[in-house]
């Protein structure tokens with residue numbers, strides 16, 4: 001039976017190193033299967049976060065050969081086997097143990113976003129043409145691969161002043177909701193730091209749900225920030241017409 | 001099964017920090033290198049041609065670098081006429097959302113590619129001068145209409161030979177150039193926002209149906225914005241080269257009818 005060498009990060013917050021394991025290959029095997037093999041046969045204390053093994057729960061995110069990916073959706077036969085396949089934890093978040101990182105910061109950011117607030121006197125009727133854009137954003141499974149790959153968090157560590165692509169997607173879904181009556185644009189600029197995003201599209205490249213994060217959420221929000229803060233013509237037009245432009 | 005630890009050459013999580021640091025094994029550097037070469041080559045060529053101030057016109061053809069043509073006789077402007085007009089297209093392209101991605105990666109290495117490390121520096125994204133000026137992209141979009149009108153006028157003039165309708169190869173070159181630049185302009189993210197992207201509810205807005213239809217059309221163009229950006233950039237340079245070579249007498253424009 002063919003075998004492959006996996007180099008898996010072992011360690012905790014105080015440090016760690018990659019450890020090599022030789023794993024037999026089976027048809028249709030994914031990286032998470034290989035990690036389960038290691039857990040079951042070679043190292044039962046290997047810490048791996050996972051749940052559905054079907055690309056729906058977003059738990060098994062890791063960096064496979066340097067790319068942020070869901071380990072349950074990364075087939076072993078798609079990876080070169082001439083060198084050890086490296087599996088490291090997400091870089092943007094602190095390591096708890098082995099491949100498990102502490103992602104609670106994301107939930108703290110999420111709580112700061114004003115929730116859906118219906119317009120006064122809302123007629124609870126929506127048309128498909130109005131909800132198509134927010135529906136795309138609802139596909140997010142919160143795997144946080146976009147947060148991990150975003151260099152603002154990953155390399156510059158701006159966690160204190162930047163919310164990250166996952167939450168721009170959430171805000172975009174709320175802002176474009178046909179029945180929502182709140183504006184979160186000021187918060188996007190001042191608290192959530194959308195201006196720090198320099199639209200290099202890595203979030204879009206790694207999204208397992210293929211959400212067009214940059215084009216449909218981030219740039220759309222950046223344009224709304226421009227409407228409110230940087231475009232005097234829009235501001236004058238709204239003053240004259242009394243419209244909020246939404 | 002064999003178990004070993006920390007083999008030499010294997011990089012651990014600390015090794016993901018620093019310029020170019022990555023565990024990616026694909027050719028991640030090819031794309032930023034190609035973009036660097038492409039944009040640098042265009043920038044150098046466009047600068048040289050803009051300051052040359054010569055060989056930009058032949059018969060009914062005018063190079064797009066010099067359109068609209070202002071003060072070609074140097075009554076009040078001593079430099080090349082192109083210098084007067086290049087700021088508009090340059091600003092539109094520089095603040096374009098696609099090109100921002102392209103040059104942030106290829107020139108600023110910020111980042112060079114996804115999950116590839118960067119040099120330590122004080123990062124402020126697009127929140128401070130000068131990059132906060134990226135927010136005026138839509139003003140360059142408005143300005144681009146002046147240039148489009150001028151380019152279409154030049155394209156039509158390219159079919160007028162001494163007051164008679166006719167066409168050379170250059171006529172079609174100018175026509176394709178104007179069409180590509182128009183497509184690039186209308187595939188812009190700011191255009192997409194203004195025609196309908198700024199609405200939350202198409203069914204509730206005035207002219208909502210029309211705006212939804214327009215938004216969908218612009219969106220279908222916008223999905224190919226990168227391709228259109230490069231094609232139009234290449235063709236602007238090609239059009240200028242064609243007009244220059246004809247004006248210099250290096251090649252002869254083939255008269256079709």
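Quick one: compute the contact order of segment A:1-150, relative version, from alpha carbon pairs under 8 angstrom and 6+ residues apart, as a percent.
Values: 222 pairs, mean separation 38.3, N = 150.
Once normalised by length, the contact order is 26 percent.
Please quote Rg/Rh for chain B to two decimal places, taking the Kirkwood radius as Rh and restricting both calculations to Cα atoms. Intermediate values should be presented prior to the final figure.
Working: Rg = 23.1 Å, Rh = 21.3 Å.
Looking at chain B, the ratio lands at 1.09.
Which of these, B:23, B:57, B:134, has the largest mean-square fluctuation under a Gaussian network model of chain B (Cα springs below 10 Å)?
So, out of B:23, B:57, B:134, the one fluctuating most is B:23.
Percent of alpha carbon pairs in the protein assembly as shown separated by more than 38 Å?
Numbers: 49078 of 126253 pairs.
Here the tail beyond 38 Å accounts for 39 percent of pairs.
Per residue of B:199-208, what is the mean number of Cβ atoms on other protein chains within 10 angstrom of that residue's Cβ? Numbers along the way, then the final one.
Numbers: counts 6, 16, 12, 6, 7, 7, 5, 1, 0, 3.
Average neighbour count from other chains, rounded to a whole number: 6.
What number results when the radius of gyration of segment A:3-101, computed over Cα atoms, is divided by 2.2 N^0.38 Å? The partial results should precede the final answer.
Numbers: Rg = 12.2 Å, N = 99, 2.2 N^0.38 = 12.6 Å.
Compared with the compact-globule rule of thumb, segment A:3-101 sits at 0.97.
I need the calculated FRET efficiency for the pair residue B:136 and residue B:161, taking r as the beta carbon distance and R₀ as 35 Å, to the nearest 0.05.
Numbers: r = 41 Å, r/R0 = 1.16.
Using R0 = 35 Å, I get an efficiency of 0.30.
Rounded to whole Å, give me the distance from the Cα center of segment A:79-137 to that of segment B:142-184.
Going from one Cα centre to the other spans 47 Å.
Provide a whole-number value for the mean count of partner chain Cβ atoms within 10 Å of the Cβ atoms in peptide A:223-230. Before the final figure, lay out each step's value.
Values: counts 11, 3, 1, 9, 4, 0, 1, 8.
Average per residue, whole number: 5.
Projected area of chain A, taken from the Cα convex hull and averaged over every viewing direction, in nm²?
Numbers: hull surface 62.5 nm².
The directionally averaged projection comes out at 15.6 nm².
If you count the DSSP beta bridges with both ends in segment A:3-101, what percent of them are antiparallel, to the nearest 5? Spell out each step's value before the answer.
Working: 20 of 23 bridges.
Restricted to segment A:3-101, the bridges split so that about 85 percent are antiparallel.
Just counting partner chain Cβ atoms within 10 Å, what average do the residues of peptide A:121-133 show around their Cβ? Write out the running numbers ahead of the final one.
Working: counts 0, 0, 1, 0, 1, 2, 5, 1, 8, 9, 1, 3, 5.
Per-residue shielding by partner chains comes out at 3.
What is the fewest-to-most order of A:79, B:254, A:70 by other Cβ atoms lying within 10 Å of their Cβ? Show your work: numbers first, answer last.
Values: A:79 19, B:254 9, A:70 27.
The most exposed by this proxy come first: B:254, A:79, A:70.
Once both labels are modelled 7 Å past Cα along the beta-carbon direction, what's the residue B:231-residue B:79 spacing in nm?
3.3
Given a Förster distance of 51 angstrom, what is the FRET efficiency for residue B:51 paired with residue B:206, based on the Cβ-Cβ distance and rounded to 0.05? Intermediate values should be presented prior to the final figure.
Details: r = 48 Å, r/R0 = 0.95.
The value I calculate is 0.60.
How would you rank B:104, B:142, going from fewest to most other Cβ atoms within 10 Å of each one's own Cβ? Let's see the in-between values first.
Working: B:104 22, B:142 12.
Arranged by neighbour count, lowest to highest, B:104, B:142 become B:142, B:104.
Go ahead and run the numbers for FRET between residue A:135 and residue B:169, Cβ-Cβ distance against an R0 of 56 Å, rounding to 0.05. Display every interim value, and only then the final one.
On the way: r = 49 Å, r/R0 = 0.87.
Computed FRET efficiency for residue A:135 and residue B:169 comes out at 0.70.
Quote the relative contact order of chain B in percent (integer), defining contacts as alpha-carbon pairs under 8 Å separated by 6+ residues.
Working: 283 pairs, mean separation 60.9, N = 257.
With pairs under 8 Å counted, the relative contact order is 24 percent.
Any read-out appearing in this document is the output of simple, stated calculations on the displayed coordinates, not a laboratory observation. Being a predicted model, the structure only gives us computed values, none of them experimental. Every residue, glycine among them, receives a Cβ derived from its backbone with ideal geometry; neighbour counts consider all protein chains shown.
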